[in-house]
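Worksheet: one structure, shown below.
Coordinate-derived values only; no laboratory data. Small disclaimer: the values here were computed from a predicted structure and weren't measured. Cβ placement follows ideal geometry from the backbone for every residue including glycine, while neighbour counts extend to all protein chains displayed.
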Amino acid sequence: MIPYILYAALILSACLMFYKLLLQKETFFHLNRYVLLSCMLLAFVLPLIPVPQQLSFRKIPVKNHITISKAPLNKTETAVIKELPVQPTLVEETKQLINADVLLKCLVYLYWFGVVVFALNFLMQAVILLFRAYSTTVIQDGKFRIVEITGDKAPCSFGNNIFINPEKYEWETYNQILLHEKIHIEQKHTIDLLLAEMVLVFQWFNPFAWQWRKALEINLEFLTDDQMLQQDTVEKESYQFSLLKVAAPQFPLSLTTNYNQSLLKKRIIMMNSKKSNVHTTWKYFFLVPLMVIFACLFNQPAAQSQTLNSKEESKEDAGIQNGMKTDGNWFAVIKGNTIEITFKSDENDNSSSNFQLSEISSLPRDKQGEFTLTREAGTMLFKGKFEGDKGMGTYKFTPNASYSTAMAKESIDLKNDEDLMVFFMINIKVSYVQMLKKNGYDKIDKDQVIPLAALDVNEAYIASIKKAIPDIDLDDLVPFRSLGIDKAFIEEIRNSGYKDVSPGNIIALKSQGIDAKYITDFRSSSKNNSDENNVSNNNDDNDDDDDDIIAFKSLNIDKAFIDSFKAVGYNNLSNSDLIAMKSLDVTAEYIKSFQNAGFKNIQAENLIALKSQNVTPELIKEYKKLGFDNLDLEEVVGAKATGATPSFIKSMRAKGHDFKSLDRYIALKALADN
């Protein structure tokens, strides 16, 4: 058996790749949280579980019994044996084994040294947080403890403690930060982070473990943002503005993920992204076979003390599809040419489907009887009766053996009734699989066929999409169909400047509601920008535009907004400038107010800094009235940020501190705070 800790690292790494490829873009944040936590625990539990011998891919080592002859040796043979020299190769092999053993011991000592170091670091962080929580000023808000801190540290929470500097934020931003951190506390996110830190203690050497902690933390922020936007008192735009104010570049914050700028863009995009369709939840079920494969490949086989009888096994493996057994009760309502049938196998398992009346044999009216629904996968026998348009009774599904054989020839493995039940309910025909193969999709399994057939990804649709994207992947056809992406939409996107747009980009654009007109406006509004601008009409720069276009759409940055800045002389604004200015509500009117006050050609980054501190021309006039005529805007921003306000300066002058330089008052304020 491979070393336990390496096995755990392998599982964690595979689960992370699975999550990154299939799950991280889904908006099922609660489900993603449980997946991340479950996989983290499974990585350490799974290697300890033995698997049955018949399921294991590992061969049980066979012990060779050596028979020792008891025949006596004569003296001559004994003498020859004593005179045999020791083989040099045996000596060398012994030395190699000793060296390997020494190296292994060194690696073990190194590993445990790392564990001790990271464990001490973990304990120190916990002690420091607890010390800060219970040694400074605290406001008790129900079960929440608001710990007031100083300096430019980012707000965060630990346990039921919220660490925040109230002097740094406006009242609305302050309240939204508190609400955000209270959601973290109510949902016990600290437990998730503590578990992730404990994993890092034992997996400190594994880069995937560090990425796992980052993915877990990002999902917690997505989850909290989603909960925030469900509050009646929180507006999406206002909340996004608050996040940007907290993470403004003028405040170098400590390394906390809650409000760092690298994550902020992803959070804003995720907040404005389209909710994932429930049909995409099939991806999560692939985790189970992944874990089973790992167990069968690496886990120690266990000796079987007893074997299930094949008949008993087949009984226990009754066909179940999404909780729907192959027999049970039915309830039906006739609606025009269709009949809606609800299948009920026990108290908690219900499944409803609509069928055409033309598919069903004659219904028993006002008396007990039978009727059937036959499809390629099998036959459903219904017993019961209808009174008017409503009926009820019992059902039993009988699979079609020849259908399973035909599907097996197409490499679709349908060995049990549960698979056949799924194919029956969706009415997947053998010809449908043959059609997929005819269109170039030779390597296809049952789990791929199900969503394709359920969404009616037919031959005409595939042919149409392939005219636009000849090498379209089979898995991309599902989101394409569910989002209503057709050949016309793809061509419109390309005609707007995306000549080599990938399927992933098309899905992202469509889910955001971005069409060709929006992209055209995006490009035409920025075509006169300088070379350093992120927006470009060159196809080589298209890849750099994708995230910016999505961010523009989510923040409602349109042609009119960009043109409003051109009207006041800002023709070369970069995408990042526009995003920051929109987020902080820097408008053309705001710029005009400074221009009218005599401040011309203010750089975009300075405008963002001024707005982040709510500096207005009126405030600058107040400073000028105090005798500061040659003001530098950066000085004003620094003064406002440190609290060296006009009223503070007046109070200092009343005490005899009369300086001609604003910087002296900024320094004086800093000393007073300390």
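Among Ala215, His189, Asn161, whose Cα projects farthest towards the positive end of the dipole of segment 112-271, with charges put on the beta-carbon of Lys, Arg (+1) and Asp, Glu (-1)?
It is Ala215, whose Cα lies furthest towards the positive end.
Given R₀ = 22 Å, what would the calculated FRET efficiency be for Leu37 paired with Trp112, taking r from the Cβ atoms and rounding to 0.05?
Values: r = 26 Å, r/R0 = 1.19.
After rounding to 0.05, the efficiency reads 0.25.
How would you rank 656-664, 375-383, highest first, on the average number of other Cβ atoms within 10 Å across their residues?
On the way: 656-664: 12.2, 375-383: 19.0.
Those peptides, ordered most packed to least, come out 375-383, 656-664.
Taking 0.36 nm per residue of separation and subtracting the Cα-Cα distance, what length does fully extending Ser593 through Leu229 add? Write out the running numbers ahead of the final one.
Details: separation 364, 0.36 × 364 = 131.04 nm, distance 3.31 nm.
That works out to 127.7 nm of additional length.
What nm distance separates the two modelled labels at Val138 and Arg664, each placed 7 Å from Cα along Cα→Cβ?
4.4 nm
Please report the relative contact order for segment 112-271, taking Cα pairs under 8 Å with a sequence separation of at least 6, and give it as a percent rounded to a whole number.
On the way: 159 pairs, mean separation 35.6, N = 160.
The normalised contact order for segment 112-271 reaches 22 percent.
Report the calculated FRET efficiency for Lys655 and Leu103 (r = Cβ-Cβ distance, R0 = 60 Å), to the nearest 0.05. Display every interim value, and only then the final one.
Numbers: r = 71 Å, r/R0 = 1.19.
Approximately 0.25, to the nearest 0.05.
Using 1/(1 + (r/R0)^6) with R0 = 25 angstrom and r between the beta carbons of Tyr4 and Asn121, what's the FRET efficiency to the nearest 0.05? Working shown, then result.
Numbers: r = 23 Å, r/R0 = 0.92.
Efficiency computed from Cβ-Cβ geometry: 0.60.
Using a cut-off of 12 Å between beta-carbons, work out the net charge of the residues near Pro207 (Lys and Arg +1, Asp and Glu -1, Pro207 not included). Don't jump to the answer; show the numbers that get you there.
On the way: positive: Arg213, Lys214; negative: none.
Residues close to Pro207 contribute a combined charge of +2.
Quick one: putting +1 on the C-beta of Lys and Arg, -1 on the C-beta of Asp and Glu, what dipole do you get for segment 112-271 around its Cα centre, in Debye to the nearest 20? Don't jump to the answer; show the numbers that get you there.
Values: 14 positive and 17 negative charges, 94 e Å.
So the magnitude is around 440 debye.
Taking the highest mean first, how do the peptides 38-47, 358-367 order by number of other beta carbon atoms within 10 angstrom per residue?
On the way: 38-47: 18.6, 358-367: 11.9.
By packing density, highest mean first, the sequence is 38-47, 358-367.
Once you put a point 7 Å from the Cα of Ile444 and another 7 Å from the Cα of Thr398, both along the Cβ direction, what distance in nm separates them?
In this crude spin-label approximation the distance works out to 3.0 nm.
Counting Lys +1, Arg +1, Asp -1, Glu -1, what net charge surrounds Phe489 among other residues with beta carbon under 11 Å of its beta carbon? If you can, show how the numbers build up before the last one.
On the way: positive: Lys487, Arg494, Lys510; negative: Asp486, Glu491, Glu492, Asp515.
The answer is -1.
Counting other C-beta atoms within 10 Å, which of Phe397, Phe285 has the fewest, and how do the rest follow?
Going from least to most buried by this count: Phe285, Phe397.
Among Gly440, Pro451, Phe382, which residue has its Cα positioned farthest towards the positive end of the charge dipole of segment 382-500, with +1 placed on the Cβ of Lys and Arg, -1 on the Cβ of Asp and Glu, and the dipole taken about the Cα centre?
Highest projection toward the positive end goes to Phe382.
Figure the gain on full extension for Thr150 and Lys25 (residue separation times 0.36 nm, minus the Cα-Cα span) and round it to one decimal in nm.
Length gained, Thr150 through Lys25: 41.4 nm.
Any idea how far apart Lys437 and Asn572 come out in nm if each label point goes 7 Å out from Cα toward Cβ?
6.2 nm
List the residues of segment 580-623 whose backbone N lies under 17 Å from a point placed 7 Å from the Cα of Lys559 along the Cα-to-Cβ direction.
No residue passes the distance filter.
Work out how much length Phe205 to Gln603 would gain on full extension: take 0.36 nm times their residue separation and subtract the Cα-Cα distance, in nm to one decimal. Before the final figure, lay out each step's value.
Details: separation 398, 0.36 × 398 = 143.28 nm, distance 4.54 nm.
Gain on extension, Phe205 to Gln603, equals 138.7 nm.
Sorting check: for 558-569, 114-125, which peptide has the highest mean count of neighbouring beta carbons within 10 Å, and how do the rest follow? Walk me through the intermediate numbers first.
On the way: 558-569: 15.0, 114-125: 13.4.
Ranked from most to least packed, the peptides come out as 558-569, 114-125.
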